[in-house]
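All remarks here apply to the structure that follows.
The values are calculated or read from the model by the stated rules, or taken from the named source; none is laboratory data. A quick note: this is a predicted structure, and the numbers were derived from the prediction, not measured. Methodologically, a virtual Cβ is constructed for each residue, glycine included, from the backbone with ideal geometry; neighbour enumeration extends over all protein chains shown. Ligands, DNA and RNA are excluded from the accessible area calculation, which covers all protein heavy atoms including side chains. Shrake-Rupley method; radii C 1.70, N 1.55, O 1.52, S 1.80 Å.
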Amino acid sequence: ERRLFVPASQMPRRLIQAFISAEDKTFYEHGGLDWMGIASAPVRYAQVKLSGRGQIVGASTITQQVAKNFLLSNERSLNRKLREALLVQRIEQAFSKDQIIELYLNEIFLGLNSYGVAAASLNYFGKPLDGLALEEIAYLAALPKGPNNYHPFRQRERAIERRNWVLSQMFANGYISDEEMKEAQAKPLEVNPRPFGAQLFAAESFAEEVRRE
């Protein structure tokens, strides 16, 4: 995995705020499991599906995602969920919140063969993390739910919609002003992937499978 590790203390604060707004807005308040989020997730899912409007927000906390990504498989079973719940409690006891978000942001897959936010920043925008604009930060935070769903070229409209939703969540959580939100939402999605690997998008997925094997 082409990974660049960056300590949380060296990440832009707004980057962390963007991912928290998109993935787990009560991250610094809960003990690893967001019981209110778990209870309300089915209702929110049904509302989005019935209305065809809004964004689906999962009930998994960032700590749950760390437990799953590092230590568990993607198997959908009660046994895995129970193991996840136990691991979440141990992770919350062993690490500070800043250490957990650091693990998460350096491990998460964000598309274009990017593992971690530092690699994604370079692969999508050709910039280090501290050179990202607000709208670029919001786009990266839009990707964890499924990079292919918000691909900057194949799914451009959905990508912009999700990016703008992240910006609205940052505003709702008090991280940015209304003026900053509207200015960033009006910006086009300008992604300039740097060439790497097999050089061709058509061959890159095949090359990645060979590399893994």
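Quick one: would you say residue 158 is modelled with pLDDT under 95, farther than 26 Å from residue 4 by Cα and surrounded by fewer than 19 Cβ atoms within 10 Å (Cβ to Cβ)? Let's see the steps before the verdict.
Numbers: modelled with pLDDT under 95: no; farther than 26 Å from residue 4 by Cα: yes; surrounded by fewer than 19 Cβ atoms within 10 Å (Cβ to Cβ): yes.
Against the criterion (modelled with pLDDT under 95, farther than 26 Å from residue 4 by Cα and surrounded by fewer than 19 Cβ atoms within 10 Å (Cβ to Cβ)), residue 158 does not qualify.
Being at pLDDT below 95 and open to solvent by 10 Å² or more (accessible area, probe 1.4 Å): is that true of residue 82 here? Spell out how you get there, then give the answer.
Numbers: at pLDDT below 95: yes; open to solvent by 10 Å² or more (accessible area, probe 1.4 Å): yes.
Yes.
Restricting the first residue to the stretch 150-173 and requiring it to be part of a helix (DSSP H, G or I), which pairs with a second residue that is open to solvent by 40 Å² or more (accessible area, probe 1.4 Å) and of a type in the set (D, E, K, R) meet a Cβ separation below 8 Å and a spacing of at least six or different chains?
Close Cβ pairs satisfying both conditions: 150/158; 162/145; 169/25; 170/14; 171/178; 171/180.
Does the stretch 108-116 include one or more residues that are part of a helix (DSSP H, G or I) and not acidic (Asp, Glu)?
No - not one qualifying residue is present in the stretch 108-116.
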